[in-house]
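The values are calculated or read from the model by the stated rules, or taken from the named source; none is laboratory data. A quick note: this is a predicted structure, and the numbers were derived from the prediction, not measured. In this analysis, Cβ positions are derived from the backbone assuming ideal geometry, glycine residues included, and neighbour counts consider all displayed protein chains. Ligands, DNA and RNA are stripped out before the accessible areas are found, and what is left, the full protein with its side chains, is counted by its heavy atoms. Shrake-Rupley method; radii C 1.70, N 1.55, O 1.52, S 1.80 Å.
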Amino acid sequence: MLPITELLLVLFLTILIAHYLKLQWSRRQYPPGPTPLPIIGNLWTLGFVLRQESLMQLGETYGKIFTLWIGQKPVIVLNGCQAIRDALISHSEELAGRPTTPAFHELSKGKGVIFSSGLNWKQQRRFSLMSLRNLGLGKKSLEAQIQEEAQSLVEYFAMMKGKSLDPSPAVIHSVTNVIAAVIFGHRFSRDDKEFHQLIKANDVVESKIVSVWTSLFDAFPWLMRHLPGPHQDIFRSNAFLEEFVKKEIQNHKANGAPEEPQDLIDFYQDKISRESHDVASTFDENNMVRLAVDFFSAGIETTTNTLLWAFLYMVKQPEIQEKVQMELDAVIGESLVFHYEDRKRLPYTNAVIHEIQRMSNVISIGLFRETVKVTSLQGFNIEKGSLIIPNLSSSLFDPDHWETPQQFNPGHFLDKEGKFMNKEAFLPFSAGSRVCLGELLARIELFIFFTSLFKAFTFKLPEGVKNVNMDPIFRTVLQPHPFQICAVPR
């Protein structure tokens, strides 16, 4: 008789072999892809983290659509502009679901708008878009708040009198105040301790949610839920954000409902009151808390990091910065106040902003989608409930759509006459029914902040600094490494 250790080893190997054979059989119904290993799938191949470069390299081997195995879950990856647009736009409704991965569910419990699906997502998204419109998105009321924060940032930089500074804290403060006004109806001072706690908590979630630890949590939730590690920091920080929102809600309740709602919480409380007897309504306080956290997190990270990348691209290419300033001076004159409508008179500046978004590529790869019904993508039949990754980077750098995809080139967005032109491969906010609902707000912020800053200052590297680190830090969004610049008044 075999000793117990050898018997267990034989049993373990038998299970591994059986699992491997089952995987190979299952693979036949999916698009091609790298061979998965038992238990961990292709996590080893990916270095346990999904990154744009890995997906684009695999796309060169396996085509515009291929399959990865995250643990025991198959995930279908889309590469290139046409494959992504075909899926997200032509099959928008079929790909409207959001998979309930263990880590995402731990954060949201299926509430809010980012990680929810079905009726909850539809109702929360429709409400969000309506509320943004009512709060003045695309109108002068919200634009005025953005202009105010942009001027506050200009004044802060002016106080430094051209000395070297880290722009990140000041930019985060100004961008956060825009979204805080939308959600809570007030702004934070630079010295507010709670503001700094909020930013720290949000940073923990954003920096660690895309990591080896969350990949392990998704693969083995039953085990990782009880183990210490950075993934537990994510859940604690998320709880802090939710508690802050709950306090804001209580403050709103204590002050009574205004005749005219002033912020997202006001609109949501009114919605709960009006639909309290509708059994099909998903509007409740838990959804309100999660929606506010979704707005807060999404409203800070993308705009902040795009502006930080803007500084780096402009100091790295001073001739482009100078050309932007020449256009601003010629068209706008002495004014330091910009309106979103001004972009139509500033084609080169508008092209530079778009090229910064393309090259900085802060979203990197889009959030997972899930098919809500059987569909066909790129000639493959895709079952209901399949997980989809639209690799947005592959569209932003698609050589079939960009003349110099790996080089910073504002000409990508200019026609032969120097007029601004949109490009179908420009998908930094994703596309289809799940397109970023704050896209217009982000566009207005980027334009007004960028033009206000570069009209007032010439940005340079500190004396003695010659090199610019353009390698990103990989997190939920691609963030530049900490850096110092000088804002020299013009």
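Pairs with C-alpha atoms separated by more than 32 Å, drawn from the list Lys64/Lys460; Lys122/Lys193; Lys247/Lys455; Lys111/Lys253, are Lys64/Lys460; Lys122/Lys193; Lys247/Lys455.
Our estimate of slack between Asp233 and Val372, defined as 0.36 nm per intervening residue step minus the Cα-Cα distance, is 46.8 nm.
Within 10 Å of each candidate Cβ there may be at most 10 other Cβ atoms; applying that plus a DSSP loop requirement, which GluC sites (Glu not before Pro) in the range 388-437 survive?
Working: sites: Glu403, Glu417, Glu424; in loops: Glu403, Glu417, Glu424.
Answer in residue order: Glu403, Glu417.
For the range 370-392, the residues whose amide N sits under 19 Å from a probe point set 7 Å from the Cα of Leu119 along the beta carbon direction are 372-373.
For Gly162, the residues whose amide H sits under 5 Å from its own are Ala487, ignoring neighbours fewer than 5 places away on the same chain, with H placed 1.01 Å from N.
Candidate cross-link partners of Lys200 among the aspartates and glutamates, defined by an alpha-carbon separation under 19 Å and a same-chain spacing of 8 or more, comprise Asp166, Asp191, Asp192, Asp233, Glu242, Glu243, Glu248, Asp294, Glu301.
Projecting the alpha carbon convex hull of the range 274-392 along each direction and taking the average yields 12.8 nm². A full extension of the chain between Glu334 and Gln151 corresponds to an added length of 64.4 nm, given 0.36 nm per residue minus the alpha carbon distance. Here the simple spin-label model places points 7 Å from the Cα toward Cβ, and for Ala158 and Asp400 these points are separated by 5.0 nm.
Taking amide H atoms as placed 1.01 Å from N in the peptide plane, the amide H of Trp69 lies under 5 Å from those of Asn42, Val75, each 5 or more residues away in sequence or on another chain. The phi torsions of the range 422-427, fed into the Karplus equation with coefficients 6.51, -1.76 and 1.60 and a -60° offset, translate into couplings of 6, 10, 5, 7, 7, 10 Hz, rounded to whole numbers, with Gly and Pro shown as x.
Based on the Cβ-Cβ distance of Glu319 and Leu9, what FRET efficiency does E = 1/(1 + (r/R0)^6) give at R0 = 56 Å, to the nearest 0.05? For R0 = 56 Å, the calculated efficiency reads 0.25.
For the chain, complete DSSP H runs whose alpha carbons reach 30 Å or more along their own long axis and whose mean Kyte-Doolittle score is 0.5 or higher are 4-27. 3J(HN,Hα) couplings calculated from phi for the range 83-90 with the Karplus curve 6.51 cos²θ - 1.76 cosθ + 1.60 (θ = phi - 60°) are, in sequence order, 5, 5, 5, 4, 6, 7, 9, 5 Hz; Gly and Pro show x. Under 5 Å from the amide H of Gly97 lie the amide H atoms of Glu370, Val372, each residue being 5 or more positions distant or on a separate chain, with H modelled from the backbone and absent for Pro and chain starts.
For the range 79-179, what is the relative contact order in percent, using Cα pairs closer than 8 Å and at least 6 residues apart in sequence? It would help to have the intermediate numbers written out before the result.
Numbers: 47 pairs, mean separation 14.6, N = 101.
That works out to 14 percent.
At 1.4 Å probe radius, can you tell me the per residue accessible area of the chain in Å²?
Heavy-atom SASA per residue in the chain reads 46 Å².
Whole-Hz Karplus values for the range 102-116 come out as x, 5, 5, 5, 4, 6, 10, 6, x, 9, x, 10, 6, 9, 9 Hz, taken residue by residue from phi with 6.51 cos²θ - 1.76 cosθ + 1.60 and θ = phi - 60°; glycine and proline positions read x. Carbon and sulfur: what percent of the chain's accessible surface (1.4 Å probe)? So the carbon and sulfur contribution to the accessible surface is 56 percent. Are there any GluC sites (Glu not before Pro) in the range 159-265 that are in a DSSP loop and have at most 14 other Cβ atoms within 10 Å? List them by number. Qualifying residues, ordered by number: Glu259.
Sorting 262-268, 333-339 by their mean Cβ neighbour count within 10 Å, with the most densely packed peptide first, gives 262-268, 333-339. Rounded to the nearest 500, the helix-only mean residue ellipticity at 222 nm of the chain stands at -16500 deg cm²/dmol, with each DSSP H run of n ≥ 4 adding -39,500 (n - 2.57). When +1 charges are put on Lys and Arg Cβ atoms and -1 charges on Asp and Glu Cβ atoms, the dipole computed for the range 127-275 relative to its Cα centre reaches about 180 debye. Placing dummy labels 7 Å off each Cα toward the beta-carbon, the span from Asp192 to Ser92 is 3.5 nm. Here the contact order of the chain, divided by its residue count and restricted to Cα pairs under 8 Å and six or more residues apart, works out to 23 percent. Taking trypsin sites (Lys or Arg not before Pro) across the range 149-229, the ones in a DSSP loop with at most 10 further Cβ atoms lying within 10 angstrom of their Cβ are Lys161.
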